1. When only DSSP loop residues count, what trypsin sites (Lys or Arg not before Pro) in region 147-185 have their Cβ near at most 16 other Cβ atoms within 10 Å?
2. Of all the accessible heavy-atom surface of region 6-202, with the other protein chains kept in place and a 1.4 Å probe, what percent is carbon and sulfur?
3. Test of the criteria: in region 64-142, which GluC sites (Glu not before Pro) are in a DSSP loop and have at most 11 other Cβ atoms within 10 angstrom of their Cβ?
4. For region 310-371, state which trypsin sites (Lys or Arg not before Pro) are in a DSSP loop and have at most 11 other beta carbons lying within 10 Å of their beta carbon.
5. Could you work out [θ]222 nm for the chain from helices alone, using -39500 (n - 2.57) per DSSP H run of at least four and dividing by all its residues? Round to the nearest 500 deg cm²/dmol.
6. Can you give the accessible area per residue of the chain, in Å², using a 1.4 Å probe?
7. Using alpha carbon centroids, what distance separates region 509-551 and region 310-334, in Å?
8. Quick one: grab the alpha carbon gyration tensor of region 207-438, order the square roots of its eigenvalues as a ≥ b ≥ c, and give me rounded if a/c is under 1.5, else prolate or oblate depending on whether a/b is larger than b/c.
Amino acid sequence: MQTISEAAAYSLRFINQTHRSVFLTGKAGTGKTTLLREIIQTTHKNTVVVAPTGIAALNAGGVTIHSMFQLPFGGFIPDNSSPQFSESTKFETKATLRRHFKMSGLKKSVIRNMELLIIDEVSMLRADLLDAMDYMMQTVRKKSTAFGGVQVLYIGDLLQLPPVIRDEEWRTLKTYYKGKFFFHSHVVQQHPPLYIELSKIFRQTDDTFISVLNNLRNNQISQEDIQTLNQYVKPDFDLKANKGYITLTTHNNKADSMNAQALEDLEGKLVVYKPEITGDFPDKIFPVEQQLQLKVGAQIMFVKNDLSFDKHYFNGKMGVIKSLSSQEILVHFPEENKTIEVEKYEWQNIRYKVDETTKEIEEEVLGTFVHYPIKLAWAITVHKSQGLTFDKAALDVSQVFLPGQAYVALSRLRSLEGLILLSPLRMNGISNDQDVMDYSLNKASDSFLENALHFETKNFIHNYLINTFDWSDLAQEWRNHRFSYNENSEVSGKSKHALWAKKQNEVIEQLLNPSKKFILQLNKLFGQETVDLNHVSERIQAAFSYFLKPMDELVFEILWKIEEVKRTKKAKAFYDELIVLEELQTKAVLRLMKAKLLIETVVAGETISKEKLTSSDIKNYIIRKTEAIQNQFKELNITLIEDDRDVERYTAKKSKTAVPKKSTVQETYELWVEKKSIEDIASIRVLTKQTIYSHFVKLIQTKAVSISEVLPEDKMQELATAFAGYKEESLNTLMEKHGHKFSWEEARMYKASLN
């Protein structure tokens, strides 16, 4: 365990206590996804997760690169030249991105508040797309450093899916780029991330197999390795007679036709299942087939891990359909002689937004897709098998593999025991991309990581504190705002607030000199060979006491002005300007409060984490201020408008849900404790009532909720009578007999209460 935990621990610490960008890689099965979840849950930084495709984004719990950064589909030329077009290709440049692409206020706010950008499945990310992202972030954040000063975590295995660039696109792009991978981008060439590799493999334990896979991965495959693999060649292997094998093939249509044919060959009735789709969930990101067609005896696999305590299945686990009805699917695992009922899985389509009160980036659920997390599994393409683990697989390698495909296909297996090759593996076509092999030489050693962490942590604390007291950008925004009044005529209504703007601008201007002097002090303290953190802490406490009051009063002033303008007609543009100022001013104050907590954490020798850099004062800062101002407005009886609807014109609609990183069942339970009805919970969570009932099955099973809280007494009596002496695994027979008296959901909840 030591290697993985060391590399994983280093990754976490570089993310939380440095500003260094990191490339986190590792062979198949080393736990990159698990570490991604851990980072998202524990980091104190405002984080956004993106991926190159819709499905990859859905699986990582993020959004696509194109939607986040409002990027057009097509190539990007990293200069200001005129765009180039032909019938089949289209290129954007910095000039066209700047001119044509309008970004919503919501997205700009997210980009401005972002501190950590996680890019998952980076093997698929093109060099030119990464440069386009960098340019958009610099533009929106008004900072000419890489990604506008945001730390980037790149995650992926470069020996898996490569980026796709058509030949006609590459003819133009090759004059700008040495290659197509993310590390060929100008931004990475100029600012290389730290290369950390997870090396402990959890999927395989067979040393011979691990050795063959490593050689295959590193382009060092020997004749001996090929002979080892070719012992498993069985061209006449009967897949029908040997249950539990999945065929890995290189072409979609071949996998689809094998699955369709095998399903057709089964006797019995075909049952079709459809998803429950709520809200906005585009069909192009459906994670599984919309229509799931099954028969008893069908070979299936799970496409997600079991999130429950039981861990009955994992992504790629195979099983056989034992029984089907309109509301129930039972799957049998022959090797364990175990049968389970398949529960539906919830996928969420999210967008990011900034919480108005804490300025933290949070997720908003736009729509959900609830379906059974299974698919037919007599065959699958190598491409779609990424991330899956199989006990038994037959490799159809009659087609020549693309570089890396042999490695991806073979590394899906736990051991050589489960391998069948339908034709011999040949040496041609199984080498990996040489650029990738060369880039892998950048991997950081443990001693380098240790030294870099020490140095970068000191840098991070130093820069965090300096940036906390550097208000030059904020002062410039106030200046811009003050002088914007001159351009407005008397008619606009804005000019009467000019004196107010001048006064606030003077306050921030008076703070600039002392803040610059304090930054020089900090530079001197951190410039010493050994930094006296206790002395730094004392200085920070003193600066906090000196600066907080005037900075805090500026927040109050601007919130008061916003409240006033909200009550004025035809002042939307003015309101929007004030909102941008408020965001910057509030961020500066919250940052002051966090800096104090940061230095206290470091002096105490504790780990910098999300938990350490927050407090109730920070969380409730804006809420308390806004409430106080609104109460004063009521006391002063200020109602400059005709009705409340005018206020609504300016204030953004509150989203129904801000999703914390909790289990979906836990979220439902917390709303139930708040005395919300099942209908209310479904509405708040953007889910159907059926899905919420499935959460109650689990809550009743774990005794978190009593069934008597959910069902009335007479219904319980009917269920008790029906279940008396009932011993079958499936509820189907019981429902056929009593289905007119109660629903499947009620029967499932009652069954859960009996366990």
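1. Sparse-neighbourhood loop trypsin sites (Lys or Arg not before Pro): ARG166, LYS174, LYS178.
2. So the carbon and sulfur contribution to the accessible surface is 51 percent.
3. Those satisfying the criteria are GLU87.
4. LYS311
5. That comes out to -14500 deg cm²/dmol.
6. Here the per-residue accessible area is 48 Å².
7. Between the Cα centres of region 509-551 and region 310-334 lies a distance of 61 Å.
8. Here region 207-438 falls in the oblate category.
The values are calculated or read from the model by the stated rules, or taken from the named source; none is laboratory data. What you are looking at is a predicted structure, and each value in this text was computed from that prediction instead of being measured. Here Cβ is always computed from backbone atoms with ideal geometry, including for glycine, and neighbour counts include all displayed protein chains. With ligands, DNA and RNA removed, areas are computed over all heavy atoms of the protein, side chains included. Shrake-Rupley method; radii C 1.70, N 1.55, O 1.52, S 1.80 Å.
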